[in-house]
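Below: one structure, written as structure tokens.
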Amino acid sequence: MLSENIKAIRKSKGLSQEELAVKLNVVRQTISKWEQGLSVPDADMLISLSEALDTPVSILLGEIVEQTEVNDLKVISEKLEIINLQLTLSRNAKQKKLTVFFSLFAVAIIAIWVLLINLGSPYLGWDYSDPERAVVGVLLHAFEWFFVRLSPVALIGAVVVIFLIWKKK
């Protein structure tokens, strides 16, 4: 993949991300994003990158081409479009997983609230003279005490994250 090739070739040339960024007149974070696969260079920048690394574009893109095509820029653009599509699909899958996780988290919080309300803290009426029962009662009370105080914050946080993910789409 392009990201892995950029990183491997840059390292084989003994260049740091900062040095490569200076050669390309971009910030170091741009190189980092390319190497992590978070973004890809446009066609013109890909040509500049190949010149800075003294490596053919075809090798950066992961294939060896026997003959140079006349429409190199068009071919490069098409390959970058495919890579961008793959990145978009990957991001969408991650966003969907996060949305499902935080939705299930919010549902779990609400379900525990309903359970606690329906149970009505039965441990308060227990006989605490038995040490084992006392320990269980104290643990249940501690769980309920922490849950009642922390779950509203966690629920609001989950809803905010779901909203932010939804808004990004």
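The values are calculated or read from the model by the stated rules, or taken from the named source; none is laboratory data. All values reported here derive from a predicted model rather than from experimental measurement. Note that we place each Cβ from the backbone using ideal geometry, even for glycine, and neighbour counts take in every protein chain shown.
Which of the residues belonging to segment 117-169 are polar (S, T, N, Q) and touching a residue at least 12 places away in the same chain (Cβ under 8 Å)?
Residues satisfying the conditions are S121, S151.
S3: free of Cβ contacts under 8 Å to residues at least 60 places away in the same chain and surrounded by fewer than 17 Cβ atoms within 10 Å (Cβ to Cβ), yes or no?
no
Can you confirm whether Q36 is free of Cβ contacts under 8 Å to residues at least 40 places away in the same chain, surrounded by fewer than 16 Cβ atoms within 10 Å (Cβ to Cβ) and in contact with a Ser or Thr (Cβ under 8 Å, 6 or more places away or on another chain)?
The answer is yes for Q36.
Answer with yes or no whether L85 is within 17 Å of the chain's Cα centre (by Cα), not assigned by TED's automatic domain parsing to the domain that holds I6 and not hydroxyl-bearing (S, T, Y).
yes
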